[in-house]
Amino acid sequence: MLGAVTEHVRVELQQSGGFAGFRVHKVLDSGEMPPVAAASLRQLVGALDFGALRSSGPGHGADLMHYGLTIERGSQRWQGSVSDPSIPAPLQPLLDFLTDYS
């Protein structure tokens with residue numbers, strides 16, 4: 001299912017790497033977010049084709065960012081990991097939203 005998503009969406013992000021080697025763990029749940037932010041999250045997840053998403057191997061370089069993701073949309077689930085600079089283009093807008101959301 002692509003496009004507008006009105007069902008429950010949950011995304012878990014585990015981010016690590018960078019110069020400082022820091023770790024970030026975030027869980028965003030559309031049922032617990034302000035309506036506008038929840039709508040944005042549902043839209044970004046709705047644009048993903050879970051069947052076409054692939055994990056990417058770790059990039060080379062100590063300062064690269066690594067992202068572990070679990071994405072749930074209704075009864076569908078995708079889990080994988082991606083790393084700079086080989087993040088699949090469809091995931092980039094969602095990663096940007098996740099890393100900017102506080």
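Just so you know, all these numbers are worked out from the coordinates, no wet-lab data involved. This is a predicted model, so every value here is computed, not measured. Every residue, glycine as well, gets a Cβ built from its backbone with ideal geometry; the counts of neighbours run over all protein chains shown.
So what is the 222 nm mean residue ellipticity for the chain from helices alone, if each DSSP H run of at least 4 adds -39500 (n - 2.57) and you divide by all residues, rounding to the nearest 500 deg cm²/dmol?
Result for the chain, helices only: -6000 deg cm²/dmol.
Could you give the semi-axes, largest first, of the ellipsoid that matches the chain, computed as the square roots of 5 times the alpha carbon gyration tensor eigenvalues and rounded to whole Å?
24, 15, 10
Pop the C-beta distance of Q43 and S75 into the FRET formula with R0 = 25 Å and round what comes out to the nearest 0.05.
Once the sixth-power term is evaluated, E becomes 0.85.
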